[in-house]
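Working notes, beginning with the structure itself.
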Amino acid sequence: MANYWLVKQEPTAYAWEEFLRDKKTDWTGVRNFQARNNLRAMKKGDQVLYYHSNVGKEIVGIATVSKESFPDPTATEGDWICVELKPLTALKNPVCLETMKSDKILKDTSLIKQSRLSVMPFTKEQFARVLELGK
DNA sequence: GCCAACGTTGGC
DNA sequence: GCCAACGTTGGC
């Protein structure tokens, strides 16, 4: 069964639009143990929400895991990994942080509770709620 | 630009 | 192994 995730990225660094243009990207540069463990748990075909931090502060699209964890080529030392992601579809209506905060289901997500984590799991219910709000 | 949250580092 | 200092992230 597929799992659900959310990754965070500053649009000034790598925006969703750029991701779309590239068709796929290696999700490198994660240097946080908890985030790494989440990356490692990703399976091919899992669905991944794409969140723009700082600028926008909204979930803008959905991606899928196209390649499971492999060593992060940008890491010069340490045991770091990355995955390959492919964009699936943009949300018609991006779901902003404020909306999530006031939503009964989404206010308990790691995005709200652990604001600094950059890769986090979402439950099926939370994921479905984002899609519902993003239609 | 500020500040809170939190992860990491280093001295003891 | 504890904890203070420091750096980074991200919301406001």
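Where a number appears in this text, it was derived from the coordinates with a stated rule and is not lab data. In this text, all values refer to a predicted model and were calculated from it rather than measured experimentally. Cβ placement follows ideal geometry from the backbone for every residue including glycine, while neighbour counts extend to all protein chains displayed.
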Completion exercise
The one condition residue A:56 fails out of (1) within 25 Å of residue A:18 (Cα to Cα); (2) part of a loop (DSSP other than H, G, I, E, B); (3) away from DNA strand B (no atom under 16 Å from the Cβ) is (3)
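Filter the range A:96-135 down to the residues that are small (Gly, Ala, Ser), without any contact (Cβ under 8 Å) to a residue 40 or more places away in the chain and not in a helix (DSSP H, G or I) and list them by number.
A:102, A:115 - these are the residues of the range A:96-135 that are small (Gly, Ala, Ser), without any contact (Cβ under 8 Å) to a residue 40 or more places away in the chain and not in a helix (DSSP H, G or I).
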Exercise for the section: Could you tell me whether any residue of the range A:57-66 is out of contact with any Asp or Glu (no Cβ under 9 Å at 6 or more places or on another chain) and either polar (S, T, N, Q) or surrounded by fewer than 19 Cβ atoms within 10 Å (Cβ to Cβ) (or both)? Expected result: no
Practice task
Find all pairs meeting these conditions: Cβ atoms under 7 angstrom apart; at least six residues apart or on different chains; first residue within the range A:40-67 and touching a residue at least 24 places away in the same chain (Cβ under 8 Å) and aliphatic (A, V, I, L, M); second residue part of a loop (DSSP other than H, G, I, E, B) and within 16 Å of DNA strand C (Cβ to nearest atom).
Solution key: A:55/A:10
Handout entry: Some residue of the range A:62-83 being within 13 Å of the chain's Cα centre (by Cα), part of a strand (DSSP E or B) and of a type outside the set (Val, Ile, Thr)
Key = yes
